[in-house]
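Visitor: Sending over a structure as C-alpha cells; questions will come in a sec.
The values are calculated or read from the model by the stated rules, or taken from the named source; none is laboratory data. Note that the structure is predicted; figures quoted are calculated from it, not measured. Heads up, the Cβs are rebuilt from the backbone with ideal geometry, glycines too, and the neighbour counts pull from every protein chain shown.
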Amino acid sequence: MQVNELVTLIETVSVSGVKYFSYHKGSESIVISKRETEFSDYEIKKPSIRTQSEIADVPVEAAEDQPEVDNTLFDVTAPNVGTVLLNDIKTGEPVVAVGDTVEKGQLLFVIESMKLFIDVAAPISGRIAQICVDSQQAVEFGSVIMKIETDE
C-alpha cells in the first residue's frame, strides 16, 4: 500500500463511526483502532514551578540504590475490546504456553469481538514469560494479555 493510500485510509477511518479496522493482503497488515476519550475523565494539573535552589536541594539517590529494571519483558496487549481465546478452536489445546519460544508473526491468541475473530501475532521473537488472563476472559482495549521475554 502506498503512503498516500494509507493517509487516505487513516483519514477516512478517523472521520467515520468505525472504531476498529483491519486490512490484510499478502504480507501487508494494517490495523487501525480508535478509542474515544472524554477529557473530563482526566484531571489536568498545573505544572509546579521550582527555583534553581530548590532543585539543587533535592537529594539524588545513587545508582546502586536503584532496583534493577528488567527491560527484557514485552507486553502483548489486546487490540480491542472482546473475549480472549487462548486455545486452538479445533484441538482445544493452548496455542502457546508459558515457557514456549515464539517467533515474530506467530499466532499467540485470538480476540473475539461481536462475532469477529482477530488473530493476534507475536510482535517480537522470544519466550512466553507470563499469561496474564484466562481463556474466554473479557478484556478491554490495551489490556495486557501476555508478556514475552526477549534479549533485545
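Visitor: Among the listed residues D88, D75, which satisfies the condition of being farther than 24 Å from S33 by Cβ and either modelled with pLDDT of 90 or more or of a type in the set (D, E, K, R) (or both)? Break it down into steps so the answer makes sense when it comes.
Guide: Details: D75 fails: farther than 24 Å from S33 by Cβ.
Matching residue, one of D88, D75: D88.
Visitor: Further question on the same structure: Is it true that L108 is surrounded by 12 or more Cβ atoms within 10 Å (Cβ to Cβ) and either assigned by TED's automatic domain parsing to the domain that holds D134 or at pLDDT 85 or above (or both)? It would help to see each step written out before you state the result.
Guide: Working: surrounded by 12 or more Cβ atoms within 10 Å (Cβ to Cβ): yes; either assigned by TED's automatic domain parsing to the domain that holds D134 or at pLDDT 85 or above (or both): yes.
So L108 passes the test.
Visitor: Taking the condition of being farther than 16 Å from V133 by Cβ and acidic (D, E), how many residues in the range 101-116 meet it?
Guide: 1
Visitor: Now for a different question. For the range 133-146, which residues satisfy the criterion of being under 15 Å from P79 (Cα atoms) and in contact with a strand residue (DSSP E or B) (Cβ under 8 Å, 6 or more places away or on another chain)?
Guide: The answer is V133, Q137, A138, V139, F141, G142, S143, V144, I145, M146.
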